[in-house]
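So the structure is just underneath, and the comments pick up after that.
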Amino acid sequence: MLGALNRRLLARALFVDRALRSVEDGLIVADVTGRITFVNPRAAAMFGLRERALIGSDLFERLREAEPGTIRVDDAETRRAKGERLEMLTRLLVERQPQEREITLSKAPARHYTLRLSAVCAGENGAGSVLGIVASLADITRQRELQQMKNDVMALVTHELRTPLTTFRLYAEMLADGLVRDDAKRQEYFETLRDESARLGLLVENV
């Protein structure tokens, strides 16, 4: 019976290990000090390193080194980094508050991720002592690219709408104030307003 139970436990542990390694998101597990104890292949690929190279290293230092432009060189920046780390650990391990933010890893080509940090607790629903920290990295590069495309399209549409609207306002004010007395000129303004309204209608339909 003991042998059968042992085999079941080993099979379950193997299944959990395979499942964690098969997750599409990057997963990193660290102890309460931030020392990495587990890395799935996806997370290792995100950092451009082997799993063995990440095991035993500091989670927060790895994240800081991987982000472009965040290497601390002077004492003031180092103190600030330590302060940020202490504040994050306090929220995670003492207040049991999950942390989430977007990061960019500098491994070419640079990719964007949502980083989520949570405390691993002995009990359910955050109860019991804290056993460690789990970090997940979800690739949001495609979403960021789509958002940028959306912003570019909106900027283009805004620019294209401004031109006819400016013409409308200017010509309408001149006609309303009686500043255009020449019939031929007034007819030219009306034709311009007609053409611009047609162009604006076509633009709206395309959008």
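The values are calculated or read from the model by the stated rules, or taken from the named source; none is laboratory data. Note that the structure is predicted; figures quoted are calculated from it, not measured. Using ideal geometry, Cβ is built from the backbone for each residue, glycine included, and neighbour counts are taken over all protein chains shown. In case anyone asks, the SASA skips ligands and DNA or RNA and just uses the protein heavy atoms, side chains included. Shrake-Rupley method; radii C 1.70, N 1.55, O 1.52, S 1.80 Å.
Which of the residues spanning the range 3-52 are among the β-branched types (V, I, T) and either touching a strand residue (DSSP E or B) at 6+ places or on another chain (Cβ under 8 Å) or modelled with pLDDT of 85 or more (or both)?
Scanning the range 3-52 gives I28, V29, V32, T33, I36, T37, V39.
Scanning the range 22-57 for residues that are open to solvent by 10 Å² or more (accessible area, probe 1.4 Å), closer than 20 Å to C121 by Cα and either in a strand (DSSP E or B) or not β-branched (V, I, T) (or both) gives L27, V29, D31, R35, T37, F38.
Exactly one residue among L165, L193, L170 is in contact (Cβ under 8 Å) with a residue 12 or more places away in the chain, more than 30 Å from G26 (Cα to Cα) and open to solvent by 60 Å² or more (accessible area, probe 1.4 Å), and that residue is L165. For the range 107-127, the candidate set comprises residues that are surrounded by 11 or more Cβ atoms within 10 Å (Cβ to Cβ) and over 20 Å from R42 (Cα atoms); within that set, the residue that is modelled with the lowest pLDDT is G126.
Is it the case that Q143 is assigned to a helix (DSSP H, G or I), under 30 Å from E24 (Cα atoms) and either acidic (D, E) or open to solvent by 60 Å² or more (accessible area, probe 1.4 Å) (or both)? So Q143 passes the test.
Contact map, the range 13-31: residues that are without any contact (Cβ under 8 Å) to a residue 40 or more places away in the chain and β-branched (V, I, T) paired with residues that are assigned to a loop (DSSP other than H, G, I, E, B) and surrounded by 10 or more Cβ atoms within 10 Å (Cβ to Cβ), Cβ distance under 8 Å, separation 6+ or inter-chain. Pairs shown: V23/N40.
When the range 128-140 is filtered for residues that are open to solvent by 40 Å² or more (accessible area, probe 1.4 Å) and either within 20 Å of S22 (Cα to Cα) or hydroxyl-bearing (S, T, Y) (or both), the ones remaining, listed by number, are S129, V134, D139. Restricting the range 58-76 to residues that are open to solvent by less than 70 Å² (accessible area, probe 1.4 Å) and closer than 20 Å to H112 by Cα, which is modelled with the lowest pLDDT? Restricting to residues being open to solvent by less than 70 Å² (accessible area, probe 1.4 Å) and closer than 20 Å to H112 by Cα, the top hit is T70.
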